[in-house]
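Participant: Sharing a structure here in structure tokens format.
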Amino acid sequence: MAFSIDGKTAIVTGAANGIGLAIARHFASVGANVMHADMDEAGLAKEFGGDWDETGQSYFAGDLREKLTLANLLSATLDAFDRVDILVNASRQVLASNFFDVEEKSVETALEQNVLTSLRLSQLVANRMIKQCEGQEEGQVGAIINLSSIAARRATSSLLGYSISSAAMDQMTRSMAVTLAPHRIRVNGVAVGSVMSASLQQALKDHGDFRADIEERTPMGRVARASEVAETVQYLSSESAGFVTGQIVTIDGGRTLIDPVSAPVH
């Protein structure tokens, strides 16, 4: 099957809701074993309390900012599935902040949760991928996909911390790709624009004019579906993308291609 990840084992962080949950669900639907990881234990328990098939799936709740918790997450994955082939760092925190919000430590919080947590988990998982594939001379050893945002390339004064952490995530992806390429571990990123997640649905409910503004600024004239992000992550995880590494795939309907200023600039 094209872009197959059937039988592979994936850890997906941020999997209690939103894009992370969409990715985890999609991976399970195409035959992958999935460890859903999140700090939101109630959200994970609610998801697994439903009536959908849990075969080949498990979940882990804990403060992923803690190094010991990350080690326990990897151990739980190995206990459940014996190996790990794919890591999707989809846990992201979007905090409204500006330059003068130093007392709220919004930039530090965004960097800790969005970047450093992903870096630490990637180190642990990459080491495991290398160890479990000792003696394997050909083929993919593993794939890591980092979620970021077009905020890395679009300056918004109210999203200072998120923009900085998104840019850091993109550069971390490139650096990891170079470091891990000799070990046959591919690392790519997915930078998203507006995606119809639970948080965006709430924002659209609270601010009725947001949808029109997003659609006007997006050449394709709509908001992305979370499934479209999940399918792209599946491709990057599969051996069909075997020669793709260090790339940031943008899913924004063309939003970053146009000048947001309506009047021409000379």
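Values quoted throughout were computed directly from the atomic coordinates according to the rules given, and no laboratory measurement underlies them. Bear in mind that the values here come from a model prediction, so they are computed numbers and not experimental data. Cβ coordinates were reconstructed from backbone atoms using ideal geometry, including for glycine residues, and neighbour counts include every protein chain displayed.
Participant: Multiply the residue separation of Thr179 and Ile258 by 0.36 nm, subtract the distance between their alpha-carbon atoms, and state the gained length in nm to one decimal.
Facilitator: Between Thr179 and Ile258, full extension yields an extra 25.1 nm.
Participant: What is the packing order of peptides 82-91, 132-141, 60-69, 245-254, taking the mean over residues of other C-beta atoms within 10 Å and listing the highest first?
Facilitator: Highest mean packing first, the order is 82-91, 245-254, 60-69, 132-141.
Participant: Mind listing the long-range amide H neighbours of Lys105? Cut-off is under 5 Å, sequence gap 5 or more, other chains count too, H placed in the peptide plane at 1.01 Å from N.
Facilitator: none
Participant: Please list the non-local residues whose amide H lies under 5 Å from the amide H of Thr9, H modeled 1.01 Å from N, same-chain partners needing a gap of 5 or more.
Facilitator: Placed amide hydrogens put Asn33, Asp85, Ile86 under 5 Å from Thr9.
Participant: Compute the helix-to-body angle for 117-132: its Cα long axis versus the longest principal axis of the chain, expressed 0 to 90° and rounded to tens.
Facilitator: Helix 117-132 sits roughly 30 degrees off the main axis of the chain.
Participant: Given a cut-off of under 8 Å on Cα pairs at least six residues apart, what relative contact order in percent is computed for the chain?
Facilitator: Once divided by the residue count of the chain, the mean separation gives 20 percent.
Participant: With charges only on Cβ, +1 for K and R and -1 for D and E, what is the dipole size of the stretch 9-252 about its Cα centre, in debye, rounded to 20?
Facilitator: Dipole magnitude for the stretch 9-252 comes out near 520 debye.
Participant: A further question follows. Taking a cut-off of 22 Å, what percent of all Cα-Cα pairs in the stretch 9-252 are separated by more than that?
Facilitator: Cα-Cα pairs of the stretch 9-252 separated by over 22 Å account for 52 percent.
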